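Below is one structure, written out as structure tokens, with a few remarks after it.
Every number in this text was worked out from the coordinates using simple rules, so none of it is lab data. Small disclaimer: the values here were computed from a predicted structure and weren't measured. We place every Cβ from the backbone using ideal geometry, glycine too, and count neighbours over all the protein chains shown.
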Amino acid sequence: MPTQGFCTVIVGCQWGDEGKGKIVDVLAEGVDIVARYQGGANAGHTVHVGEDEFILHQIPSGVLHPGRRCLLGNGVVLDIRQFFEEYDELLERGVELEGRVGVSRRAQLLLPYHKLLDKAVENAAATKIGTTGRGIGPAYEDKAGRRGLRVADLGNPERLHKRVAAAQERIMRRLEQLGAGVTDELEAAMEEALGLGERLLSIATDTGPEITDALNAGKRVLLEGAQGTALDLDHGTYPFVTSSNTTAASAATGTGIGPTSIDAVVGVVKAYTTRVGEGPLPSAFSPEMDEHVRTLGSEFGATTGRPRRCGWFDSVLARHAARVNGLTGLAVTKLDVLDTLPTLEVATAYRMPDGSIAENFPADTWSLSSVEPIYESLPGWQAPTGEVRKLEDLPSNARAYLDRIEELSGAPVRWVSVGTKRSQIIPVG
Ligand code: IMP
């Protein structure tokens, strides 16, 4: 039901790494709660505060604003060890966390054996996905297979240990079939993870009631997506996707609120396109341009350090994302990375291998590697934009580029980011 408060979903509209962390950090200024609704430590949200850089994998980016409550919803797969490493590092760096972080009792536990299995499956696979190796696929498999363990299970050690033992035995059999060796480190890692159970229970909550009550009391909430629309399990480039629904509808399921409590959906797009991991990237640059923009934009994975492949802005994907997520606004990031380019191309449609023209994002992922994007050329602005704070102060060619992105995507541009700092953001309208 609609509430007195205001609930905004922030969702990635490409292959992740769109700069959601920065947008959440900027918007968190005006909210009371920030909650993650899916994914796990595969995410890497980079936020710059003054001269400091923070890379957050599981704790929502809103944590860097004092006083905001930060939640991990039932839709996440929680790596307990890594979660507390991140938590303790924030404490060490002086971030006040007392009473600020809560984890859903319904969230799935991602345990060390999930990571071993992730790597073993990937090593043995004929078609590699290029996963982050964080155990995401196996943890969601256990969830869907109704074999997973949840935060609430930590409250009953006897039942927990029985279920963990059964899970571990099953996973060991699979590892053996895959020809993967298991070292003694697994036992120690499992002990360490489960040993953190009490500590995790001390911050456990029910995110559905907590968020709903806050909204009914007139508070403002941000639901923070991880990865992007093209990595969504249903709507992305399957099978080269992550194992959760990254798109906006999942924000309700993944936190336990009703979909009618959501008031706005902000889609984050980079001013160009990047992808890390395997799978097609239709608007990929030529090799020289790829190298050039990767250097200009420091396009290396925040979680794995892998180089990201880069390409032109793809409005076929942006339109798909606008529809699937029901976007009410767009945040365009890293516009400044394009400052020196003389000409920019935007993919407006794809010529399919059979010669037909696709304006909607095709379901057949395999055909995407041989589509020919139809490009529209726009003149570059060849002027620095990093110091611009008002839309009217942007070079006219940069504004024309943003107007075209808005027109082709079908969602209004509401923010433009022109650098990594909090202050480097242009509100639009
Ligand atoms: P997984 O989520 O680790 O299973 O990886 C599946 C695919 O999603 C791989 O192509 C990863 O590179 C990609 N991926 C997962 N998380 C992120 C992210 O936060 N940013 C970009 N790509 C990601």
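For the reader, a short list of remarks on this structure follows.
- Size of electric dipole in the chain: Cβ of Lys, Arg +1 and of Asp, Glu -1, about Cα centre, debye, nearest 20: 860
- Here's how it looks for Val49: its modeled amide H is under 5 Å from those of Phe54, which are all 5 or more places away or on a different chain.
- Ranked by how many other beta carbons lie within 10 Å on average, peptides 334-343, 382-391 from highest: 334-343, 382-391
- Backbone N atoms of the range 151-194 closer than 18 Å to the 7 Å Cα→Cβ label point of Leu91 belong to residues 192-194.
- Here the ratio of the Cα radius of gyration of the range 105-154 to 2.2 N^0.38 Å is 1.19.
- Ranked by the mean number of other Cβ atoms within 10 Å per residue, highest first, peptides 143-151, 228-236 order as 228-236, 143-151.
- Highest mean packing first, where packing is the average number of other Cβ atoms within 10 Å per residue, the peptides 247-255, 42-50 line up as 247-255, 42-50.
- Across the chain, C-alpha contacts under 8 Å between residues 6 or more apart give a mean separation that, scaled by the residue count, equals a relative contact order of 21 percent.
- Gap separating the Cα centres of the range 1-55 and the range 207-267, nearest whole Å: 11
- The amide H of Gly102, built 1.01 Å from its N in the peptide plane, has Cys70, Leu71, Leu72 as neighbours under 5 Å, considering only residues 5 or more places off or on other chains.
- Looking at the range 1-70, the GluC sites (Glu not before Pro) that sit in a DSSP loop and have at most 11 other Cβ atoms within 10 Å of their own Cβ are Glu29, Glu51.
- Among Ala322, His45, Ser283 the positive-end extreme of the charge dipole of the chain (Cβ point charges): Ala322
- Whether the range 1-126 is rounded, prolate or oblate, judged on the alpha carbon gyration tensor where a/c under 1.5 counts as rounded: prolate
- Selection from Gln108, Gly94, Pro66 lying farthest towards where the dipole of the range 58-129 points positive, charges on Cβ: Gln108
- About its Cα centre, the range 269-427 has a charge dipole of approximately 640 debye under the convention of +1 per Lys or Arg Cβ and -1 per Asp or Glu Cβ, with nothing else charged.
- Per-pair calculated FRET efficiency, R0 = 41 Å: Met1 and Ser369 via Cβ, rounded to 0.05: 0.40
- Calculated [222 nm] ellipticity per residue, helices only, for the chain: -9500 deg cm²/dmol; basis is -39500 (n - 2.57) per DSSP H run with n ≥ 4, divided by all residues, nearest 500.
- The stretch between Glu98 and Ala144, if pulled fully straight at 0.36 nm per residue, gains 13.2 nm over its current Cα-Cα span.
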